[in-house]
1. Would you be able to tell me the number of residues in the range A:88-107 that are under 18 Å from the mean Cα position of the chain (by Cα) and open to solvent by less than 30 Å² (accessible area, probe 1.4 Å)?
2. Is it fair to say B:Glu334 is more than 7 Å from chain A (Cβ to nearest Cβ), charged (D, E, K, R), part of a loop (DSSP other than H, G, I, E, B) and more than 23 Å from the chain's Cα centre (by Cα)?
3. Scanning for something without any contact (Cβ under 8 Å) to a residue 60 or more places away in the chain and crowded, with 24+ Cβ neighbours inside 10 Å, does the range A:326-338 turn up at least one residue?
4. B:Glu349: open to solvent by 40 Å² or more (accessible area, probe 1.4 Å) and within 8 Å of chain A (Cβ to nearest Cβ), yes or no?
5. For A:Leu157, which of the numbered conditions (1) closer than 30 Å to A:Leu114 by Cβ; (2) open to solvent by 10 Å² or more (accessible area, probe 1.4 Å); (3) at pLDDT 90 or above; (4) not charged (D, E, K, R) fails to hold?
6. Which residues, counting only those in the range A:224-252, are of a type in the set (A, V, I, L, M) and either at pLDDT 95 or above or in contact with a Pro (Cβ under 6 Å, 6 or more places away or on another chain) (or both)?
7. What is the one condition in (1) outside any loop (DSSP other than H, G, I, E, B); (2) under 29 Å from B:Gly330 (Cβ atoms) that B:Leu127 does not satisfy?
8. Can you tell me how many residues in the range A:44-56 are open to solvent by 10 Å² or more (accessible area, probe 1.4 Å), in contact (Cβ under 8 Å) with a residue 12 or more places away in the chain and more than 20 Å from the chain's Cα centre (by Cα)?
Protein chains: 2
Amino acid sequence: MSEPLHPAPAPAVPGPVPGRHLGIIGGGQLARMMLGPAIELGLETTVLATSPTESAAAVAGQVQIGRHDDEAAVRQLAREVDALTFDHEHVPAEILQALVAEGLGTPRPGPSALIHAQDKLVMRRRLTELGHPCPRWWHITSREDLANALADAGSSLVVKTPRGGYDAHGVRIVKSAGEADDWLAAHRELLAEELVPFTRELSAQVARRPGGQTAAYPVVQSVQREGVCYEVVAPAPGLDQASQQRIQQLARDIADDLDVVGMLAVELFETADGRVLVNELAMRPHNTGHWSMDGAVTGQFEQHVRAVADLPLGAVDPVAPAAVMVNLLGSTAEDLVPGMEAALAADPELKVHLYGKAVRPGRKIGHVTLIGQDTDELLQRAHRAEQLIIHGPGAGTDETTTTAATSTEESL
Amino acid sequence: MSEPLHPAPAPAVPGPVPGRHLGIIGGGQLARMMLGPAIELGLETTVLATSPTESAAAVAGQVQIGRHDDEAAVRQLAREVDALTFDHEHVPAEILQALVAEGLGTPRPGPSALIHAQDKLVMRRRLTELGHPCPRWWHITSREDLANALADAGSSLVVKTPRGGYDAHGVRIVKSAGEADDWLAAHRELLAEELVPFTRELSAQVARRPGGQTAAYPVVQSVQREGVCYEVVAPAPGLDQASQQRIQQLARDIADDLDVVGMLAVELFETADGRVLVNELAMRPHNTGHWSMDGAVTGQFEQHVRAVADLPLGAVDPVAPAAVMVNLLGSTAEDLVPGMEAALAADPELKVHLYGKAVRPGRKIGHVTLIGQDTDELLQRAHRAEQLIIHGPGAGTDETTTTAATSTEESL
């Protein structure tokens with residue numbers, strides 16, 4: 001295997017019985033894509049979704065309707081399952097802490113890990129304490145703080161709301177201290193970060209089982225468009241073996257330090273001098289890991305389910321020299337099936353994943369993957385498929401206008 | 001691609017809109033394993049199962065409870081879906097013919113194809129008319145017929161009930177004309193076949209889309225145990241390229257001749273002089289094709305779903321030089337999870353598929369697959385995993401007693 005698994009320290013006593021019934025909080029596409037692997041492993045799942053038509057709720061065998069921030073709803077799910085996991089980071093920490101205090105539901109990751117994916121200030125503080133590489137950052141509680149940070153940093157800063165952001169939401173580039181007044185009023189504290197002059201964005205996925213076994217996927221390169229993950233290449237082209245191993249070790253260290261269980265995605269900036277800086281953390285399957293569904297021996301959704309059920313992790317070896325993933329973002333076609341038909345006809349090796357979501361402009365409605373030999377050729381084919389699916393088979397192949405990516409956003 | 005897809009003749013008019021809602025008749029593991037691929041393709045499914053605890057019904061998003069031989073139940077499902085397909089062959093032809101006559105439900109395969117997988121006498125008659133290679137066979141309606149056939153064939157014959165058999169059921173080896181009296185009384189007509197002195201069993205899977213596009217998987221070698229598929233190696237070791245292509249063409253020809261839609265499995269005897277004879281046909285994903293779930297670009301369950309939905313077929317190329325599949329047949333372990341945990345820990349590359357079925361001795365309760373370089377090494381590892389799972393991690397590794405396989409049975 002090219003990516004050896006790292007065993008946990010030998011336990012003094014046999015581990016607990018694996019959890020066979022998993023509760024998934026949130027009914028989006030990440031929950032949806034956990035279902036197939038859970039079915040194959042013979043594990044039971046129940047999805048907590050806000051509506052029966054949500055992406056995962058529409059296809060899951062067992063669904064509870066309720067909100068992720070409604071303690072009663074989360075508690076009811078927790079009572080029925082052996083372990084809880086998440087489609088997104090937005091479950092209030094207080095709810096999870098109460099469950100843990102009562103020994104109920106076994107959230108994986110637990111709230112003391114998850115907080116680092118929920119609150120960007122907590123994450124920056126902790127990673128800095130631990131000595132992990134971060135952009136320069138400032139804790140902002142006033143216009144004066146922001147003015148000082150701007151003076152310190154130069155002409156501009158990235159300002160982020162500590163909580164609740166996703167994709168391009170909750171991220172703003174400011175050039176003067178008054179440009180975040182509204183957010184200061186609403187959020188009381190903000191995170192400001194230097195604008196990193198990165199050469200590209202990388203992402204490192206690592207799975208971690210309770211007890212500490214980890215499995216680090218090949219580091220990938222990701223391209224954002226308008227703050228949303230758009231294209232991923234695995235492995236990251238031109239990344240030398242030493243850098244690859246160093247970055248995988250960073251991801252393992254963060255997973256260990258924060259006691260993550262399940263998938264951890266570490267989004268990174270690579271700089272011209274070959275350093276990497278941690279951009280964001282996500283503690284769940286991540287868009288930059290979707291290539292692994294079709295491109296690795298164990299896809300990230302199966303891996304996440306195995307970790308959450310406390311089953312041994314699987315091999316992360318790629319099944320081909322190269323894999324690419326391109327997101328399908330809602331565009332002109334309202335019905336995706338005719339375009340999918342054309343794309344599948346044009347490319348029998350194409351793998352299409354649709355999320356069963358209504359099409360809205362820019363909304364993530366699916367993704368495609370390809371495995372093969374040559375990254376550039378695979379990307380061309382994947383983008384041809386993308387255009388057919390999002391615009392329909394009758395449309396021309398001219399791409400929609402792209403704008404500069406802000407490149408600092410969390411990607412579902 | 002090593003296995004080029006064969007295009008359909010160019011249609012004069014654009015094809016129909018693909019079916020987005022598939023009805024699956026039968027709630028067994030084959031229906032269950034269609035669910036994950038259908039979810040990923042964004043297709044809707046409804047399973048008709050006899051109980052909510054059946055393998056597929058326990059995990060499907062939409063389930064109707066009813067019997068496959070209850071016309072009202074099948075009709076109700078047919079009204080709700082764009083196309084119907086099958087977990088097994090046991091839906092009465094009359095029900096499907098009535099639906100087709102009314103333009104309801106679009107069974108795929110249709111009844112005029114499916115009858116060849118339902119009735120072994122019809123199959124033998126038709127394949128013989130078409131000139132496809134079969135064992136010598138006799139239509140038996142009396143003890144006298146059987147006596148004549150025995151005199152003709154030599155010392156013994158395989159006698160089969162034309163309908164309703166599966167695995168080892170409905171198959172008997174007879175040495176004297178009175179040994180099938182009970183079946184003659186119950187079934188009125190029987191099929192008798194020569195006992196083929198085969199060197200091994202092969203299986204050829206081919207997918208066929210409405211309109212005629214086909215995709216032929218690499219020919220595999222299968223080993224039966226007590227009449228049940230036990231072990232599959234893909235591709236079949238030592239099969240030369242010319243034989244491989246000849247057998248793939250035979251499977252395509254049968255699919256075309258019988259107007260199959262979906263997966264067709266052609267189980268074959270290979271003889272010492274290098275000929276192949278058709279043993280059984282199945283028109284659905286087949287046990288001998290399970291390796292493709294983890295071992296081919298497009299697994300047979302995704303392929304079946306695509307064909308039934310009238311979507312273009314996918315590439316059938318293997319993702320590794322060798323793949324193996326070993327069935328998990330119920331044994332001493334009632335709870336499979338501890339053994340699965342041990343097997344996954346011992347072999348991170350192992351893929352485990354459990355069917356959510358109660359354990360009974362000899363019952364198919366799951367399967368494992370492995371991909372890699374060396375068939376023998378993969379088989380060793382797969383059998384080690386099998387033993388851990390079916391006997392539990394505490395049991396020794398001594399195998400359960402095996403008896404000679406009758407080798408003539410249909411395998412679910």
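1. The qualifying residues number 4.
2. For B:Glu334, the condition - more than 7 Å from chain A (Cβ to nearest Cβ), charged (D, E, K, R), part of a loop (DSSP other than H, G, I, E, B) and more than 23 Å from the chain's Cα centre (by Cα) - is met.
3. There is at least one residue in the range A:326-338 that is without any contact (Cβ under 8 Å) to a residue 60 or more places away in the chain and crowded, with 24+ Cβ neighbours inside 10 Å.
4. Values: open to solvent by 40 Å² or more (accessible area, probe 1.4 Å): yes; within 8 Å of chain A (Cβ to nearest Cβ): yes.
Considered against the rule, which asks whether it is open to solvent by 40 Å² or more (accessible area, probe 1.4 Å) and within 8 Å of chain A (Cβ to nearest Cβ), B:Glu349 comes out as yes.
5. (2)
6. Hits for the range A:224-252 are A:Val232, A:Val233, A:Ala234, A:Ala236, A:Leu239, A:Ala242, A:Ile247, A:Leu250, A:Ala251.
7. Every listed condition holds for B:Leu127 apart from (2).
8. Residues that pass the stated criteria total 5.
The values are calculated or read from the model by the stated rules, or taken from the named source; none is laboratory data. Note that the structure is predicted; figures quoted are calculated from it, not measured. Neighbour counts are summed over all protein chains in view; Cβ atoms, including those assigned to glycine, are modelled from backbone coordinates with ideal geometry. When the accessible area is computed, the model is the full protein with side chains, heavy atoms only, and any ligands, DNA or RNA have been set aside. Shrake-Rupley method; radii C 1.70, N 1.55, O 1.52, S 1.80 Å.
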